[in-house]
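Enquirer: First the structure, then my questions, so here it is.
The numbers here are math on the coordinates, done by the rules we state, and not lab data. This structure is a prediction, so every number in the text was calculated from the model and none was measured. Counting neighbours? That spans all protein chains shown, and the Cβs are built from the backbone with ideal geometry, glycine included.
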Amino acid sequence: MSNTSLLQVRTSAEDKEKASAILEKLGTNLSAVVNMMIKQIILTEGIPFEVKMNHPVYTKTEAIKEVQATMAFEGMELTEEEMQILYAYKNGEASGEELRKRIMGEVR
């Protein structure tokens with residue numbers, strides 16, 4: 001090989017084993033993939049894959065309106081109180097467990 005340099009990367013043993021097993025099935029190895037990624041960084045002058053925060057597709061209001069519309073489509077109109085419960089859940093003011101207990105209490 002021409003002028004090469006050693007690159008050390010720290011990762012969990014479990015992640016390394018899982019990735020190595022997958023790459024072996026693909027006929028390659030971690031070293032080759034890291035070199036491919038480095039070449040892509042140089043070619044694209046950036047990270048060669050999308051890096052972003054996982055933002056929800058809908059706003060809280062849109063998500064609740066979708067639930068409301070779905071329920072209405074099934075002939076089950078939500079009351080104003082039920083809408084407030086959904087908003088409390090989406091705003092983190094009520095847990096799923098609290099809502100489950102309330103719903104199960106009403107069913108019984």
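Enquirer: Greater than 28 Å separation of Cα atoms is the criterion. Which listed pairs, Lys18/Lys60; Lys18/Lys52; Lys16/Lys39; Lys16/Lys60, meet it? Don't skip to the answer; put the middle values down first.
Expert: Values: Lys18/Lys60 37 Å; Lys18/Lys52 24 Å; Lys16/Lys39 21 Å; Lys16/Lys60 38 Å.
In this structure, Lys18/Lys60; Lys16/Lys60 exceed 28 Å between Cα atoms.
Enquirer: I'd like the distance separating the alpha-carbon centroids of region 27-75 and region 86-103, in whole Å.
Expert: Region 27-75 and region 86-103 have Cα centres spaced 27 Å from each other.
Enquirer: Please give me, ordered by residue number, the chymotrypsin sites (Phe, Trp or Tyr not before Pro) of region 19-86 that lie in loop per DSSP and have at most 13 other Cβ atoms within 10 Å.
Expert: Working: sites: Phe49, Tyr58, Phe73; in loops: Phe49, Tyr58.
Those satisfying the criteria are Phe49, Tyr58.
Enquirer: Right, next: Take region 17-108, compute every pairwise Cα distance, and split them into 5 Å bins from 0; I just need the percent in each bin.
Expert: The distribution over region 17-108 is 2, 10, 12, 13, 11, 6, 4, 6, 11, 12, 9, 4, 0, given as percents.
Enquirer: Something else about it: Working from Cα positions, state the angle (0 to 90°, nearest 10) between the long axis of helix 30-44 and the longest principal axis of the chain.
Expert: For 30-44 against the chain, the angle is about 80 degrees.
Enquirer: Under unit Cβ charges (Lys, Arg +1; Asp, Glu -1), what dipole magnitude, rounded to 20 debye, does region 60-107 have relative to its Cα centre?
Expert: Working: 6 positive and 11 negative charges, 37 e Å.
Approximately 180 debye in magnitude.
Enquirer: Put +1 on the Cβ of each Lys and Arg and -1 on the Cβ of each Asp and Glu in region 12-90; which of Ile22, Asn35, Leu86 then has its Cα farthest toward the positive end of the dipole?
Expert: Looking along the dipole axis, the top candidate is Asn35.
Enquirer: Could you give the length gained on full extension between Leu6 and Ile41, defined as 0.36 nm per residue of separation minus the Cα-Cα distance, in nm? Each step should come with its number before you reach the end.
Expert: Numbers: separation 35, 0.36 × 35 = 12.60 nm, distance 1.76 nm.
Taking 0.36 nm per residue and subtracting the Cα distance, the gain is 10.8 nm.
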